[in-house]
Every structure is written in C-alpha cells, then in structure tokens.
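**Q** Mind having a look at this structure? Questions to follow.
The values are calculated or read from the model by the stated rules, or taken from the named source; none is laboratory data. Computed from a predicted model, the values in this text were never measured in an experiment. Every residue, glycine as well, gets a Cβ built from its backbone with ideal geometry; the counts of neighbours run over all protein chains shown.
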Amino acid sequence: LSSRAANILSALDIPTTGDVNGVYDGEWKGAGDIVESICPSTGEVLARVKTASPEELHVALGKASDAYTFFRNVPAPQRGEILRQIREALAAKRSELGALISLEMGKIKTEGVGEVQEFVDICDYAVGLSRMMNGRVIASERPGHSILEVPNPLGVVGVLSAFNFPVAVYGWNLALSLAAGNATIWKPSPTTPLCSIAVTTIIARVLEQNGIPGAVAGLVTGDNNAGAAIVESRDVPLVSFTGSERVGRIVGKTVQSRFGKVILELGGNNAAIVMPDADLKMAVPSIFFGAIGTAGQRCTSTRRLYLHRQIADEFLERLQKVYTRLTPGDPLEEKTLLGPVHSAASIGIYENAVQHLKDIDANILAGGSRYAAADISASHLHGGYFVQPTLAVPKSADPADALWQTETFAPVLNCAVFDELEEAIGWNNAVPQGLSSSLWTRDVRNVGKWIGPGGSDTGIVNVNVGTSGAEIGAAFGGNKSTGWGRESGGDAWKQYVRWSACTVNFSDAAPLAQGVDFSV
Ligand code: NAD
C-alpha cells in the first residue's frame, strides 16, 4: 500500500494490512466474497474487503429488525441528540473522510469534503426535525370526536447507493431514517466499500457510547445479489435506491410487487439553457463545473447545453478555451480540477459515447479520447482512469436521437443551438429523465415561463445556477424516469414514517360518519 493511501485509511481506523471486514450488524465480520477496492487515480488496490455471505445478510436483516423494535421507543428528541453526536463525530473527520472519498471514488478533494459537509448538514437538519415531526389534529364531523394524523416509525429502511456519492446519499437517508425512529441497513456500491466502512465505524462508535444497538445503522457490502436480497425482503418496508435507471426499474417493480415503499433516485440527463441576455461571466464557469465536476459523474451533471443563436458562437469559444486549458491531476491535490473517472467500466462508457459522436460526424470542440500517459505529469497517476472531457456539437438537435435521450455517465457535453426559449424548453423536456435543469437569463419573463406550468419538467429547476450542487434544505430528486423520489430536506421525512389516521371518540355515543343510521 502506498504511504499516502495508508495514511488516509489509518486516520479513519481502517486496517492497512490483511483483509477488511465489510459487514457490521453490531459486530464487524465478513465471510462472503472478497472485493478489491481500487484507487481510480493510480490503479492501486487499496484493500481487500470481505463482503457479506448470504447467511450474514440474513442475520443482519434480523438484527436490524430487533434494533428497530428497541429504537422506535427512544423518544424522538433523544434520537436527535444521537444524531447531533454523529454530526460532531463526522465533522471531526471531515478532511480525512473527504480524502478517502477522493482516494476511492476519484472526485477532487474539495468535492469529497463537500460530500461529508452534506452529511453534517443533513444531521443538523435532522436534529431539528427530531422535535418537529408533527402530526395533525383534524376537526371531526361527529360530536365528542377528534381525528389525529400520527407519524410512527416504519421499521427497517434499506439504503442502496451508487458509487458516485459514496457518503452523502447514505447521509440523507440515515439522518431522516434515524430521526424517524427506524433502523437502517446500507448496501453501498461494490466499488466504494471503504467509504461505507469508514462512515459506519464513526457512527457505530456513537451508537455504542449511547447504548444503542449497532444494527440501528447496519452495513452489508456486497454485489448485486446482496442488493437484491434487501430489495426482496419483506422485513424491509422501505427501500431507498440510488443508481441507474436500469437497476431502478427492477428495484421499483420488485418492491412494488411485495407492496413495500420505494424511493427511487435514478439517472439524470440534465440540460442548461443560455439566453442571449445571460451573464456569460457567470454562465461559462458554472456550466463548465456542471459538465466536468466529479469528472461528469454526478447524477445532476450537465449533459446537454442549449445555446441561443445570438450568443452560441461566443459561448462555445469561451467554453472551448476553458476545456482546452484543463489538465488532469491527482484529485487529492488542491489545485486539481479534473480527477479520473471512477473505473474501467466508466472508461468504456466514455469511449462508446465519444466513438458514437465520431460516427455521426459531430463537431468535437474539445476532448475526444483518453489521456495518454505523456499528458499526465505525475508518474504515479499513469495507471489511472483519466479521460479528456469532451465538448461536442452533434449535427442534429432532434431530441428523439438516442444521443440526447440517454444519460452518458462520463464527462461528455453535447450542445445545440436554438432560436426561441419555447423550443429549448421543449428539448429540455423531451427526454425520459427529469432530474435537474438550469436557465441562464436576466429577464424575469423567461424565469416565469421556466418555472411555471409550461416550463421545465425536472425535479430541480434552477435559474442562473448550474444543474449540479444542490443544498440539503429542499427535497432532492427527479421526475419521470429519474424515479419521482425525494430525499433530504422539504417534506422528504414524511416517507420514512407510517401514517395513521386515528379517530378517537371521547363521548358517550357512537355515531357513524356521514349520518349513516344503523340503529339496532
Ligand atoms: P447501479 O445502478 O449500477 O448501482 C447502484 C446500486 O445498486 C449498487 O449498490 C449496486 O450494487 C446495486 N444493484 C445492482 N443491481 C442490483 C439489483 N439487481 N438489485 C438490487 N441492487 C442492485 O448505479 P451506479 O453505476 O453505481 O451509479 C450511477 C447511476 O446512479 C447513474 O445513473 C446516476 O445518475 C445515478 N445516481 C442518481 C442519483 C440521484 O439522486 N438521482 C444520485 C447518484 C447517482
């Protein structure tokens, strides 16, 4: 193990020799297959992780159910106090955990630290929420009666997460789930096991100090089969799934077929629209970040750029300049803006997309291939997955083309020119996905159209703000094939409880509703 990797792992109490346990249900273990965690910047094997065997998964689910029956009786504000301590413990390791995200996922360190900050923020939010998860009292039509809407804990929440946000997505779910009195079982991406082990280690310590069963925040690393076992389990009333549309479709159907609840946070295919009155000084760097931040692997990354004819040439010229100035580097180094893509599979996705652009004779303004070793100054990065962010203008802007319809999870930005805002809004909405979108304008009339009934149909609709980089306060999620799920702020917590409508009769008579007469 390189010394920089060893230092990052040790700072988070992850063993640097021998195989690492990838299962936590109150105890650390792992008798299943071994997976290797690979550093995308160097190709180095960071650790061999012992994942969950089917038997361990079964046991972990049982322990999560038991932990839930304990935890649901802990008063909500006390659960909030535990979340406050989790917040403090995470904040104390903000930089170390941010570095691990950068090391294992490949995003640049400032984005890794930002992810931890998001977890800290949602814990703050959930601490407050623990005193505000209010039900309602409703006027009854019957004398001496009251109707209460009561939120109670739900049970075990299964959290299945994607590789690109290996910490924050779990944070959004864990914080709301714990505030609501549930136990959580986490199945992270098979390629980011160390991030999940580090986070679970931090949380387990806080739970232990408070005498709370560790299985309240359990972890089962593993492959798709481990995910499928959670999805199929009738002991998991709510499955919160973040990942691709392909897998989301399977997860949604399976959970629905057993009448469970599901939150789906799936792929995005996000557009930015630039009007002629936009402030290009703001728009160019923001759209650049949207397209190449996390090397184009955010669900909210900008994938489609629609430019008004009046500013299209100037905008593309400016954007091309920043693209060509960009150099890849070590994501752990402060000045790096472009790290690697996550895996060999990501390289394949990138290469297919770029090849398709070449096949259809698109005008490629920047990028178009992997970086050669000669383009990367630091020799320790020569085994890394570095690709040139690609900026292209395909000949056809027809939104029905496969190119515009599909999410390419890599740094590839396709551009087209429009004449009227209505046309661009039509293109924005003409794709299956509906996660994020962004309009750049100074004209309030455009804003009205954009956020109104005939405007953008995505879950996140921004104005003079890029498509990526949401705050935790609002509910986060997308519409259409993005899955309609909402997580984090807003009213998202209401999905993590079961609601009861309780009619209570305080009177000496038992009248029926709607005046129904059933005298005997
Ligand atoms: P993925 O769908 O391949 O995997 C996601 C998770 O599902 C992993 O933990 C995986 O092991 C598990 N899984 C795979 N097959 C399964 C099955 N049959 N049953 C149960 N679980 C199974 O996604 P990925 O490649 O890790 O992530 C990239 C995708 O995630 C992109 O499409 C991206 O847009 C999306 N994403 C969406 C959001 C959002 O909030 N909308 C956030 C982050 C990522």
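**Q** With the condition kept exactly as written, say whether any residue in region 432-443 is under 25 Å from the mean Cα position of the chain (by Cα) and in a loop (DSSP other than H, G, I, E, B).
**A** yes
**Q** Here's a follow-up. Given the criterion more than 20 Å from residue 362 (Cα to Cα) and hydrophobic (A, V, I, L, M, F, W, C), identify the matching residue among 447, 417.
**A** It is 447.
Each row is one residue, and each column tells you yes or no for (1) among the β-branched types (Val, Ile, Thr); (2) at pLDDT below 95; (3) buried (at least 20 other Cβ atoms within 10 Å of the Cβ).
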site: 356; (1), (2), (3): no, no, no
site: 368; (1), (2), (3): no, no, no
site: 372; (1), (2), (3): no, yes, no
site: 377; (1), (2), (3): no, yes, no
site: 387; (1), (2), (3): yes, no, yes
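**Q** I'm trying to understand the selection: among the residues of region 62-78, which are out of contact with any helix residue (DSSP H, G or I) (no Cβ under 6 Å at 6 or more places or on another chain) and either crowded, with 22+ Cβ neighbours inside 10 Å or charged (D, E, K, R) (or both)?
**A** Those that are out of contact with any helix residue (DSSP H, G or I) (no Cβ under 6 Å at 6 or more places or on another chain) and either crowded, with 22+ Cβ neighbours inside 10 Å or charged (D, E, K, R) (or both): 66, 68, 72.
**Q** Considering only region 146-167, how many residues are more than 22 Å from residue 78 (Cβ to Cβ) and crowded, with 24+ Cβ neighbours inside 10 Å?
**A** Result for region 146-167: 8.
**Q** Condition first: within 16 Å of the ligand (Cβ to nearest atom) and surrounded by 23 or more Cβ atoms within 10 Å (Cβ to Cβ). Can you find one or more residues in region 424-432 that meet it?
**A** Yes, there is a match, as at least one residue in region 424-432 is within 16 Å of the ligand (Cβ to nearest atom) and surrounded by 23 or more Cβ atoms within 10 Å (Cβ to Cβ).
**Q** Which numbered condition trips up residue 330, out of (1) in contact (Cβ under 8 Å) with a residue 40 or more places away in the chain; (2) in contact with a Leu (Cβ under 9 Å, 6 or more places away or on another chain); (3) surrounded by fewer than 22 Cβ atoms within 10 Å (Cβ to Cβ); (4) not aliphatic (A, V, I, L, M)?
**A** (3)
**Q** Within region 246-283, take every residue that is surrounded by fewer than 22 Cβ atoms within 10 Å (Cβ to Cβ) and small (Gly, Ala, Ser) and give me the one that is farthest from residue 440 (Cα to Cα).
**A** Ranking the qualifying residues of region 246-283, first place goes to 257.
**Q** Let me ask another. Select from region 224-253 the residues that are touching a residue at least 40 places away in the same chain (Cβ under 8 Å) and within 6 Å of the ligand (Cβ to nearest atom) and write down the one among them that is nearest to the chain's Cα centre (by Cα).
**A** Among them, the one singled out is 242.
**Q** Checking the structure you have, find out if any residue of region 485-501 is closer than 25 Å to residue 302 by Cα, of a type in the set (D, E, K, R) and surrounded by 13 or more Cβ atoms within 10 Å (Cβ to Cβ).
**A** Checking region 485-501: at least one residue is closer than 25 Å to residue 302 by Cα, of a type in the set (D, E, K, R) and surrounded by 13 or more Cβ atoms within 10 Å (Cβ to Cβ).
**Q** To continue, here is another question. Count, please, the residues in region 33-44 that happen to be part of a strand (DSSP E or B), under 25 Å from the mean Cα position of the chain (by Cα) and of a type outside the set (Ser, Thr, Tyr).
**A** 3
**Q** What residue, among those in region 293-321 that are in contact with a strand residue (DSSP E or B) (Cβ under 6 Å, 6 or more places away or on another chain) and β-branched (Val, Ile, Thr), is surrounded by the fewest Cβ atoms within 10 Å (Cβ to Cβ)?
**A** So the residue we want is 300.
**Q** Hey, among the residues in region 254-279 that are touching an Asp or Glu at 6+ places or on another chain (Cβ under 8 Å) and of a type outside the set (Asp, Glu), which one's nearest to the ligand (Cβ to nearest atom)?
**A** Checking each candidate, the answer is 267.
**Q** In the set 215, 183, which member is over 26 Å from residue 295 (Cβ atoms), in contact with a Pro (Cβ under 9 Å, 6 or more places away or on another chain) and crowded, with 22+ Cβ neighbours inside 10 Å?
**A** Residue meeting the stated conditions: 183.
**Q** Something else about it: Would you pick out the residues in region 15-32 that are surrounded by fewer than 23 Cβ atoms within 10 Å (Cβ to Cβ) and assigned to a loop (DSSP other than H, G, I, E, B)?
**A** 15, 16, 17, 18, 19, 26, 27, 31
A quick yes/no check of all residues on (1) in a helix (DSSP H, G or I); (2) within 17 Å of residue 165 (Cα to Cα); (3) acidic (Asp, Glu); (4) touching a residue at least 12 places away in the same chain (Cβ under 8 Å):
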| position | (1), (2), (3), (4) |
| --- | --- |
| 79 | yes, no, no, yes |
| 87 | yes, no, no, yes |
| 90 | yes, yes, no, yes |
| 114 | yes, yes, no, yes |
| 118 | yes, yes, yes, yes |
| 132 | no, no, no, no |
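**Q** Okay, next question. Any idea which of 57, 61, 83, 9 is modelled with pLDDT of 95 or more, touching a Gly at 6+ places or on another chain (Cβ under 8 Å) and part of a helix (DSSP H, G or I)?
**A** Selected residue: 57, the only one of 57, 61, 83, 9 that is modelled with pLDDT of 95 or more, touching a Gly at 6+ places or on another chain (Cβ under 8 Å) and part of a helix (DSSP H, G or I).
**Q** In this structure, is residue 175 closer than 24 Å to residue 264 by Cβ, touching a Leu at 6+ places or on another chain (Cβ under 7 Å) and within 16 Å of the ligand (Cβ to nearest atom)?
**A** Against the criterion (closer than 24 Å to residue 264 by Cβ, touching a Leu at 6+ places or on another chain (Cβ under 7 Å) and within 16 Å of the ligand (Cβ to nearest atom)), residue 175 qualifies.
**Q** I want to confirm something. Restricting to region 109-150 and keeping residues that are small (Gly, Ala, Ser) and under 17 Å from the mean Cα position of the chain (by Cα), which single residue is farthest from residue 492 (Cα to Cα)?
**A** Among those residues, the one meeting the criterion is 112.
**Q** Sticking with this structure for a sec: Please go through (1) within 8 Å of the ligand (Cβ to nearest atom); (2) more than 19 Å from the chain's Cα centre (by Cα) for residue 203 and return the number of the only condition it doesn't satisfy.
**A** Unmet for residue 203, out of (1) within 8 Å of the ligand (Cβ to nearest atom); (2) more than 19 Å from the chain's Cα centre (by Cα): (1).
**Q** Here's a follow-up. Considering each of 393, 341, 322 in turn, give the residue that is more than 16 Å from the ligand (Cβ to nearest atom), among the aliphatic types (A, V, I, L, M) and within 30 Å of residue 481 (Cβ to Cβ).
**A** 393
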